[in-house]
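Q: Below: one structure in structure tokens.
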2 protein chains.
Amino acid sequence: MTTYGQWCPVAMAAEVLTERWTPLIVRELLCDSTRFNDLRRGVPLMSPSLLSKRLETLRRVGVVARVGGEYRLTPAGEELRPIIELMGVWGRRWAMGDVEAKHHDAGLLMWDIHRNIVADRLLAATSR
Amino acid sequence: MTTYGQWCPVAMAAEVLTERWTPLIVRELLCDSTRFNDLRRGVPLMSPSLLSKRLETLRRVGVVARVGGEYRLTPAGEELRPIIELMGVWGRRWAMGDVEAKHHDAGLLMWDIHRNIVADRLLAATSR
DNA sequence: CCGTATCCCACTAGATACTG
DNA sequence: CAGTATCTAGTGGGATACGG
């Protein structure tokens, strides 16, 4: 977790949240996955060693706590919920097929189509 | 921008937002920095070539548009505002000195002290 | 079931210099 | 002012195999 060298709250949050896979792990934890292999099933394309490493990082920064072999969000972790939820709202609106909601701009539409194609290809590999 | 291979809105948003420096660039754009060198001043530790690359990525995914030599957020970009703002709230509460607001847990407090020390060291290098 | 260890390569991003 | 080019070191993370 490299720092940004800025005394800015956004940067602080970014240091925690913008590591690869981390928002998805938090999403799983918010959905009450608590065991290692539960979490794995939520991010099946992530290697177990990396998941382990991320959970350790999250523990170190105080977002996750280990309670009796379970991973649980701390209060600080729980308060990431609105951020993850808003990310979901944004992603659905702007990166997925929620075309009705957005402006019918040609550039955006092209991007949307592109993203759908990519996603379709990947859909074969995963369930969620 | 590698994908997560998940048909999940959180993952879609994460693909855009969790690249290094990106949330800070969006923060600057939300504060009405529009010129390249304005943005640079906001992220002084970032190399210009990387900033250029990030802006191009943001343009490609439809978050930023170039209007007459200026970088401006699209509607999709503008709708990232609540996410960045919440990141700021979280960062201030949990990663900076807003001790009053959090539980007086020893572990968290230690972490807070640690973070402050790190930040103090970095404060010499940057203004913001 | 619950992880850790190891290997290794692609790629990221930092440094620096340079140009219109 | 507004970027682009180049170069390289380091590391993040994917794959795989293994141990508690």
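The values are calculated or read from the model by the stated rules, or taken from the named source; none is laboratory data. Being a predicted model, the structure only gives us computed values, none of them experimental. In this analysis, Cβ positions are derived from the backbone assuming ideal geometry, glycine residues included, and neighbour counts consider all displayed protein chains.
Q: Looking at (1) free of Cβ contacts under 8 Å to residues at least 12 places away in the same chain; (2) more than 9 Å from every other protein chain (Cβ to nearest Cβ); (3) more than 15 Å from DNA strand D (Cβ to nearest atom), which one does A:GLU56 not meet, given that it meets all the others?
A: Among (1) free of Cβ contacts under 8 Å to residues at least 12 places away in the same chain; (2) more than 9 Å from every other protein chain (Cβ to nearest Cβ); (3) more than 15 Å from DNA strand D (Cβ to nearest atom), A:GLU56 violates only (3).
Q: If you don't mind, another one. Considering each residue of region B:1-31, count those that are more than 8 Å from chain A (Cβ to nearest Cβ) and within 15 Å of B:LEU55 (Cβ to Cβ), and give that number.
A: 6
Q: Given A:GLY69, A:GLY42, which one is over 30 Å from B:LEU51 (Cα atoms) and either more than 10 Å from DNA strand C (Cβ to nearest atom) or at pLDDT 95 or above (or both)?
A: A:GLY42
Q: Can B:LEU80 be described as surrounded by fewer than 19 Cβ atoms within 10 Å (Cβ to Cβ), of a type in the set (A, V, I, L, M, F, W, C), touching a residue at least 40 places away in the same chain (Cβ under 8 Å) and more than 16 Å from DNA strand C (Cβ to nearest atom)?
A: no
Q: Using beta carbons and a limit of 8 Å, which pairs, at least six apart or on different chains, have the first residue in region A:23-36 and in a helix (DSSP H, G or I) and the second one charged (D, E, K, R)?
A: Pairs that qualify, where the first residue is in a helix (DSSP H, G or I) and the partner is charged (D, E, K, R), are A:ILE25/A:ARG54; A:GLU28/A:ASP38; A:LEU29/A:ARG72; A:LEU30/A:GLU78; A:LEU30/A:ARG81.
Q: Look at B:VAL64 and say whether it is surrounded by 14 or more Cβ atoms within 10 Å (Cβ to Cβ) and within 16 Å of DNA strand D (Cβ to nearest atom). Let's see the steps before the verdict.
A: Working: surrounded by 14 or more Cβ atoms within 10 Å (Cβ to Cβ): yes; within 16 Å of DNA strand D (Cβ to nearest atom): yes.
Judged against the criteria, B:VAL64 is a match.
Q: For region B:66-80, give me each residue that is of a type in the set (D, E, K, R) and within 10 Å of chain A (Cβ to nearest Cβ).
A: Scanning region B:66-80 gives a single hit, B:GLU79.
Q: Residue by residue through region A:20-43, note down the ones that are in contact with a Phe, Trp or Tyr (Cβ under 9 Å, 6 or more places away or on another chain), of a type in the set (A, V, I, L, M, F, W, C) and surrounded by fewer than 20 Cβ atoms within 10 Å (Cβ to Cβ).
A: Matches in region A:20-43: A:TRP21, A:PHE36.
Q: Picking from B:MET46, B:MET96, which residue would you name as being within 8 Å of another protein chain (Cβ to nearest Cβ), surrounded by fewer than 21 Cβ atoms within 10 Å (Cβ to Cβ) and assigned to a loop (DSSP other than H, G, I, E, B)?
A: B:MET96
Q: Select from region B:1-19 the residues that are in contact (Cβ under 8 Å) with a residue 24 or more places away in the chain and either in contact with a Cys (Cβ under 9 Å, 6 or more places away or on another chain) or not in a helix (DSSP H, G or I) (or both) and write down the one among them that is surrounded by the fewest Cβ atoms within 10 Å (Cβ to Cβ).
A: B:MET1
Q: Starting from residues that are among the aliphatic types (A, V, I, L, M) and more than 14 Å from the chain's Cα centre (by Cα), keep the ones in region A:24-62 and report whichever is nearest to A:THR2 (Cα to Cα). Outline the logic, then answer.
A: We begin by selecting, within region A:24-62, every residue among the aliphatic types (A, V, I, L, M); these are A:24-26, A:29-30, A:39, A:43, A:45-46, A:50-51, A:55, A:58, A:61.
Going one step further and asking which of them are more than 14 Å from the chain's Cα centre (by Cα), we end up with A:50, A:61.
Numbers: A:LEU50: 17, A:VAL61: 13 Å.
Across region A:24-62, the extreme among qualifying residues is A:VAL61.
Q: Test B:LEU51 against the criterion of being in a helix (DSSP H, G or I), away from chain A (no Cβ under 12 Å) and more than 8 Å from DNA strand D (Cβ to nearest atom), and give yes or no.
A: In short, no.
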